[in-house]
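Below is one structure, written out as structure tokens; comments come after it.
The values are calculated or read from the model by the stated rules, or taken from the named source; none is laboratory data. Since we're looking at a predicted model, the values are computed, not measured. Using ideal geometry, Cβ is built from the backbone for each residue, glycine included, and neighbour counts are taken over all protein chains shown. For accessibility, only protein heavy atoms count, side chains too; no ligands or nucleic acids. Shrake-Rupley method; radii C 1.70, N 1.55, O 1.52, S 1.80 Å.
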Amino acid sequence: IGYHAVSVIADAAAKGIKGFDTKLALEAMLHSANDTIFGLVPYREKGFIESNEEPESVSRTLEYAYDDWCIGAFADAIGNKQVANEMYARGFNFIHLINENGFVQPRTNGGWYTPFDPYEVNFNFTEANSWQYAFFYPQYLPYIETTEEKKQLENRLDALFQATAKTSGREQADITGLIGQYAHGNEPSHHIAYLYNYTDAPAKSQQLVRTIMHDFYQNAPDGLIGNEDCGQMSAWYVLSAMGIYPVCPGKPEYDIVAPLFDSVQIQTGADVFTIAQLKHAKGLNAENTNVSIIELNKERQPRLKLNHADIV
């Protein structure tokens, strides 16, 4: 669902990949965003899709909003401020579906779709429920700044990972690898384990990522906990083992956790970028994975972030 080719193009451009017609690329992006299929007309008119207008209305609204942000970022990068401002604004459309309890809830006839159960898998979501889509706003994360906002996000994440690992509604084979209501077996959840980095409790992300790598990936024919979908289950593991993960493609940055290895080398043309555990940070394991010190070229870094340009 969505028009996710735009996130691939936006991410490539943000990471310095050139050699393509950016004007034509933006034209193609806008053609998809302004089409008339899959609920896009009401989405543009109201900022959200109602449940009676298109199946999987919640998931579509949220993923369209992310894609629109990607178009905005791309337009911004090539100097088209008018399109950038318009699409950045559309990138906030997810807020129309967030209810007073922080869940994403379907809408109908201008109001809320009821009865509502965040555990329920139904036609309003794509292979998921409200728990799993309630965190699908990676483009919004930079705006979580205050101590209160960070604590609110931490509490919401705690509730997700500590919830009962059962769903209601229809049976959905894609929902596997459950930690509470986090479903590692399906891609809409894949960024969520890293979101504690946006709170004042990043150690929780360190522990979760290591636990997922240890428990959900086995050297066996059925060693993946879910649907490999174009290699994403494996890509998550490879990047997480390296200690970096792109929470929001379209932004040229990675969130940091403890790498699985003492040293990882990335070939960048003629040079090599090395991710290594500092000598005074040894002893990382499944029980002790907290990263508290980050250095880039021996300079202390203030955030658990790594810019793509620094790797290149």
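Restricting attention to the range 138-165, and to residues there that are free of Cβ contacts under 8 Å to residues at least 12 places away in the same chain and not in a helix (DSSP H, G or I), which single residue is farthest from the chain's Cα centre (by Cα)?
Checked the range 138-165; the qualifying residue farthest from the chain's Cα centre (by Cα) is T146.
Filter the range 64-93 down to residues that are among the charged types (D, E, K, R) and either within 19 Å of D21 (Cα to Cα) or free of Cβ contacts under 8 Å to residues at least 40 places away in the same chain (or both) and give me whichever is most open to solvent (accessible area, probe 1.4 Å).
In this case the residue turns out to be K81.
What about V209, is it over 29 Å from P55 (Cα atoms), among the β-branched types (V, I, T) and touching a strand residue (DSSP E or B) at 6+ places or on another chain (Cβ under 9 Å)?
Details: over 29 Å from P55 (Cα atoms): yes; among the β-branched types (V, I, T): yes; touching a strand residue (DSSP E or B) at 6+ places or on another chain (Cβ under 9 Å): yes.
So V209 passes the test.
What about F20, is it buried (at least 20 other Cβ atoms within 10 Å of the Cβ) and assigned to a loop (DSSP other than H, G, I, E, B)?
Details: buried (at least 20 other Cβ atoms within 10 Å of the Cβ): no; assigned to a loop (DSSP other than H, G, I, E, B): yes.
No; evaluated as a whole, the condition is false for this residue.
I need a count of the residues in the range 203-228 that are more than 16 Å from the chain's Cα centre (by Cα) and closer than 20 Å to P138 by Cα.
Summing the residues that are more than 16 Å from the chain's Cα centre (by Cα) and closer than 20 Å to P138 by Cα in the range 203-228 gives 3.
Restricting to the range 183-209, name every residue that is of a type in the set (V, I, T) and part of a helix (DSSP H, G or I).
I192, V209
Does G226 count as surrounded by 20 or more Cβ atoms within 10 Å (Cβ to Cβ) and either under 30 Å from Q172 (Cα atoms) or at pLDDT 95 or above (or both)?
Yes: the conditions hold for G226.
Do we find that Y66 is touching a Ser or Thr at 6+ places or on another chain (Cβ under 8 Å) and farther than 22 Å from S189 by Cβ in this structure?
Considered against the rule, which asks whether it is touching a Ser or Thr at 6+ places or on another chain (Cβ under 8 Å) and farther than 22 Å from S189 by Cβ, Y66 comes out as no.
Taking G250 as the residue in question, decide whether it is buried (at least 18 other Cβ atoms within 10 Å of the Cβ), under 22 Å from F135 (Cα atoms) and at pLDDT below 95.
Against the criterion (buried (at least 18 other Cβ atoms within 10 Å of the Cβ), under 22 Å from F135 (Cα atoms) and at pLDDT below 95), G250 does not qualify.
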